[in-house]
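Please treat every number below as a calculation from the coordinates, not as lab data. Everything numeric in this text was worked out from a predicted model, so none of it was measured. Neighbour counts are summed over all protein chains in view; Cβ atoms, including those assigned to glycine, are modelled from backbone coordinates with ideal geometry.
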There are 2 protein chains.
Amino acid sequence: MNQNKYNEELLSFPKTRRGEETLEKITNSAEQLFGSKGYTNTSINDIAGGADVAPGTFYIYFKDKLSLFRYLVNKLEFTLRKELSVAIKDCESRFDQEYFGFRTFFSFLNRHRGLFKIIWEAQFVDPDLFKNYYETIAISYARRIKAAQENGEIRKNIDPAVAAYSFLGICNFIGLKWIIFDDKPVPDEVLRDVMSIIKDGAFSV
Amino acid sequence: MNQNKYNEELLSFPKTRRGEETLEKITNSAEQLFGSKGYTNTSINDIAGGADVAPGTFYIYFKDKLSLFRYLVNKLEFTLRKELSVAIKDCESRFDQEYFGFRTFFSFLNRHRGLFKIIWEAQFVDPDLFKNYYETIAISYARRIKAAQENGEIRKNIDPAVAAYSFLGICNFIGLKWIIFDDKPVPDEVLRDVMSIIKDGAFSV
């Protein structure tokens, strides 16, 4: 059985393949609806309808809409961190890890286009969940940066938390501009400039 | 008469000092409410109550709640850009402009603590308004970066739009972490590390 934190919200863990598929249909429907019209404007009936299941089926897995929202946010955070971890595991340098990390985030955002709506609406729905989403990502990011300081790749005179939040900010805002506003994948030359900024800064020496 | 873009939302421009004060009370009440419980959960009666004016007074200035929301977002954007422009006008280098620009944004966020709730809820309320808020700020930022490339302060091999969105991202996420999550002013040493990252990058040479 899957012990990931997001599963804490589940009333019952699916016991069959068919149950897993049903849970996934409910989650996907919620992601689609929360990520377009939003949590506040979405009902459990809407979610069940989008998943093509009876409203009663919803209550096999979740106590209420809030519980599903928390499950979804925690699952997005877990899935993103897992994809990042897979993407960087064979990299030989911290710089390559950053490069593949940024690419992975952009690909994730492209596949989860409602991400910013869902996460930032959590400011209202459940402020601790919102904070926890970014803090969990930042803490794991800062841990990797610290390791790269210890092996001499990243400068030691920068607080790893400051670097982590700075890089997270770059990632999120570059994704916001190119993927969400301009509705296209992040061009290679944009990623190249981003990497150049985090490596050497933007100012002339 | 004030020709700022945000005034386009006004049904009538206040003609007396007292009228100006009333409009300001309504705007402040809206900022406080939209920035805590949110646009969706706030009624015109709540706003009038918070401003200590009769509901009818609201309709002297605004057609509806959406119109006030647009006025508020555009006013926040205008006010922020004006504060930034004043803060950097006597700086002798682009680096100093960045330093005072970051400080000014942090101070603004500290005085407008509902900013992120208001701006990111605009994703649902009025997606073009949301996009316009960041695009307007980024375009004016990129213009200054371009000027600093022309005089040799910022490297010419970076797209100014990429630098602008990267710096905006850093600014927003450092503010999110220290001011909103940790509920304190951004410490001097955090700003020093941020400046070091944008100047020289984070990697060892």
Check your understanding: How much of the calculated P(r) for segment A:72-200 lies past 27 Å, in percent of all Cα pairs?
Key -> 16 percent
Exercise for review: Would you look at the GNM of chain A, springs on alpha carbons closer than 10 Å, and say which of A:Thr16, A:Thr136, A:Thr40 moves the most?
Suggested key: A:Thr16
Practice item. Binning at 5 Å from 0, report for segment B:5-66 what percent of all alpha-carbon pair distances ends up in each bin. Key: 4, 19, 31, 28, 14, 4, 1
Revision key, fill the gap. Mean other chain Cβ within 10 Å across B:155-162 is 6
Exercise for review: Specify the inter-centroid distance of segment B:102-179 and segment B:184-203, based on alpha-carbon positions, in whole Å.
Suggested key: 16 Å
Check your understanding: With no solvent and one point per C-alpha, what does the Debye sum give as log10 I(q)/I(0) for the protein assembly as shown at q = 0.06 Å⁻¹?
Key -> -0.27
Exercise for review: Give me the distance in nm between label points sitting 7 Å out from Cα along the Cα-to-Cβ direction at B:Ile44 and A:Arg143, one decimal.
Suggested key: 5.2 nm
Exercise for review: For helix B:127-150, report the angle its Cα long axis makes with the longest principal axis of the Cα atoms of chain B; keep it between 0 and 90° and round to the nearest 10°.
Suggested key: 30 degrees
Check your understanding: When chain B is modelled as a GNM with alpha-carbon springs shorter than 10 Å, which of B:Ser67, B:Ser12, B:Ser85 fluctuates the most?
Key -> B:Ser12
Revision key, fill the gap. Taking Cα pairs closer than 8 Å and at least 6 residues apart, the relative contact order of chain B in percent is 20 percent
Study note, to complete from the structure: With Cα coordinates, the longest principal axis of chain B makes an angle with the long axis of helix B:160-175, in degrees rounded to 10, of 70 degrees
Check your understanding: With each run of n ≥ 4 DSSP H residues scored as -39500 (n - 2.57), what mean residue ellipticity at 222 nm is computed for chain B after dividing by its residue count and rounding to the nearest 500 deg cm²/dmol?
Key -> -22500 deg cm²/dmol
Study note, to complete from the structure: Each label sits 7 Å from Cα toward the beta-carbon; between B:Ser85 and A:Tyr59 the label points are separated, in nm, by 5.8 nm
Practice item. Hey, can you grab everything whose amide H is under 5 Å from the amide H of A:Phe203? Only 5+ residues off in sequence or another chain; H modelled, so Pro and N-termini drop out. Key: B:Arg155
Review point. Of the residues B:Glu150, B:Glu77, B:Glu135, which exhibits the maximal mean-square fluctuation in a Gaussian network model of chain B defined by a 10 Å Cα contact cut-off?
Key: B:Glu150
Exercise for review: Any chance you could get the radius of gyration and Dmax over the Cα atoms of segment A:12-118, in Å?
Suggested key: 16.1, 51
**Study point:** Euclidean distance between Cα centres, segment A:1-56 to segment B:66-86, Å
**Key:** 39 Å
**Study point:** In degrees, nearest ten, helix B:65-88 long axis to first principal axis of chain B (Cα)
**Key:** 40 degrees
Point to revise | Net charge of neighbours whose Cβ lies under 12 Å from the Cβ of B:Tyr133, counting Lys and Arg as +1 and Asp and Glu as -1 | key: 0
